[in-house]
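Below you'll find the structure, written out as structure tokens, and then a few comments.
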Amino acid sequence: MYKISIKELEFEAVIGILDFERENPQRVLVDCFIEYHDKKDFVDYAKVADDIETIMREKKFFLIEDALDELTESLKSKYKVIKSIDLTISKPDILSNCKVSVTKLKKF
């Protein structure tokens, strides 16, 4: 079993339900852990990082949970060898005294 770790992938995207969140992109951080079995059918971590950023920027999600669902299904569809995905999306600047994160773990 192999595990890819992408930590603190940082970019700006429109995500959230509040008016100001819909108007301006905000900084988001994504942590992604992917497990797969065979190095012959490896998962290209650079492409995964690019896929995550592209989907987040294009879709402009209202809920973090919706973004997690879309990312999980999209990555599994593109990379059939994936056995599990553990994704966390953080909005580090939304509250002044903490970083807000939501995580989804999906085993296939």
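Computed from the coordinates by the stated procedures, all read-outs in this text should not be read as laboratory data. Because the structure is a prediction, the values reported are computed rather than measured. Methodologically, a virtual Cβ is constructed for each residue, glycine included, from the backbone with ideal geometry; neighbour enumeration extends over all protein chains shown.
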Computed ³J(HN,Hα) along segment 6-14: with the Karplus parameters 6.51/-1.76/1.60, θ = phi - 60°, integer Hz and x for glycine or proline, the list is 10, 10, 6, 5, 10, 6, 10, 8, 7
Compute the acute angle (0 to 90°) between the alpha-carbon long axis of helix 45-59 and the principal axis of greatest extent of the alpha-carbon atoms of the chain; round to the nearest 10°. 40 degrees
Over the chain, with a Gaussian network built from C-alpha contacts below 10 Å, which listed residue (Ser74, Ser84, Ser96) shows the highest mean-square fluctuation? Ser96
So what J values fall out for segment 27-34 if you push phi through Karplus, 6.51 cos²θ - 1.76 cosθ + 1.60 with θ = phi - 60°, rounded to Hz, Gly and Pro as x? 5, 10, 10, 10, 10, 9, 10, 10
Proximal aspartates and glutamates to Lys7, defined as alpha-carbon separation beneath 14 angstrom and excluding residues fewer than eight positions away on the same chain: Asp31, Asp50, Glu53, Asp86
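Starting from the Kirkwood Rh over alpha-carbon pairs, what translational D in µm² s⁻¹ does segment 2-107 have by Stokes-Einstein at 25 °C and 0.890 mPa s? Walk me through the numbers on the way to the answer.
Values: Rh = 14.1 Å.
Answer, rounded: 174 µm²/s.
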Compute the long axis of helix 64-78 from its Cα atoms, compare it with the longest principal axis of the Cα atoms of the chain, and write down the angle in degrees, 0 to 90, nearest 10. 30 degrees
About the Cα centre of the chain, what is the dipole size in debye to 20, counting +1 per Lys and Arg Cβ and -1 per Asp and Glu Cβ, all else neutral? 480 debye
